[in-house]
1. Could you report the accessible area of LEU77 in Å², rounded to 10, computed with a 1.4 Å probe on the protein chains as they sit in the structure?
2. Run the simple label-point estimate for ALA96 and SER73 please: 7 Å along Cα→C-beta, distance reported in nm.
3. Under unit Cβ charges (Lys, Arg +1; Asp, Glu -1), what dipole magnitude, rounded to 20 debye, does the chain have relative to its Cα centre?
4. Any lysines with Cα under 26 Å of the LYS57 Cα? List them, leaving off those in the same chain fewer than 8 positions away.
5. Counting alpha carbon pairs within less than 8 Å and at least 6 residues apart, what relative contact order, in whole percent, applies to the chain?
6. Ignoring trypsin sites (Lys or Arg not before Pro) that are buried or in helix or strand per DSSP, and keeping those with at most 16 other beta carbon atoms within 10 Å, what is the longest stretch of the chain between them?
7. Name every cysteine in the chain that ends up alone, with no second cysteine's Cβ under 4.7 Å, or say none.
8. Only Cα pairs within less than 10 Å get springs; with that Gaussian network setup on the chain, which residue of SER17, SER58, SER73 has the largest fluctuation?
Amino acid sequence: MQVQIELCLIPLGVGISLSPYIARCQEVFLAAGLEPQLHAYGTNVEGDWDAVLTAVKSCHEAVHALGAARIHSSLKLGTRIDRAQSLDQKTNSVKARMNG
């Protein structure tokens, strides 16, 4: 089954800058053969259910390995079985309906 997710991973107690931890998570997704789409408050990822959720777990493990004792994550998941639709197709369909 294909899944599309939005992950917001927040390591706690590591200081103000989170970018080293988020960068490590992006590397985990890329190493898993996924194409993360980073945005200001999280990351979108799509792919096979097991591969994506395994990568989310690996992100937690990698961020813990960097010294984050606690992590808070929000995870949104979406699936659809009536047809294939990529993350880009979803956003492009909205943009196409906008004026200008």
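1. 90 Å²
2. 3.3 nm
3. On the way: 9 positive and 9 negative charges, 68 e Å.
Rounded to the nearest 20 debye, it is 320 debye.
4. LYS76, LYS90
5. It rounds to 42 percent for the chain.
6. With a cap of 16 other Cβ atoms within 10 Å, the longest stretch comes to 1-79.
7. Flagged as lacking a Cys partner: CYS8.
8. SER17
The values are calculated or read from the model by the stated rules, or taken from the named source; none is laboratory data. Computed from a predicted model, the values in this text were never measured in an experiment. Cβ coordinates were reconstructed from backbone atoms using ideal geometry, including for glycine residues, and neighbour counts include every protein chain displayed. Ligands, DNA and RNA are stripped out before the accessible areas are found, and what is left, the full protein with its side chains, is counted by its heavy atoms. Shrake-Rupley method; radii C 1.70, N 1.55, O 1.52, S 1.80 Å.
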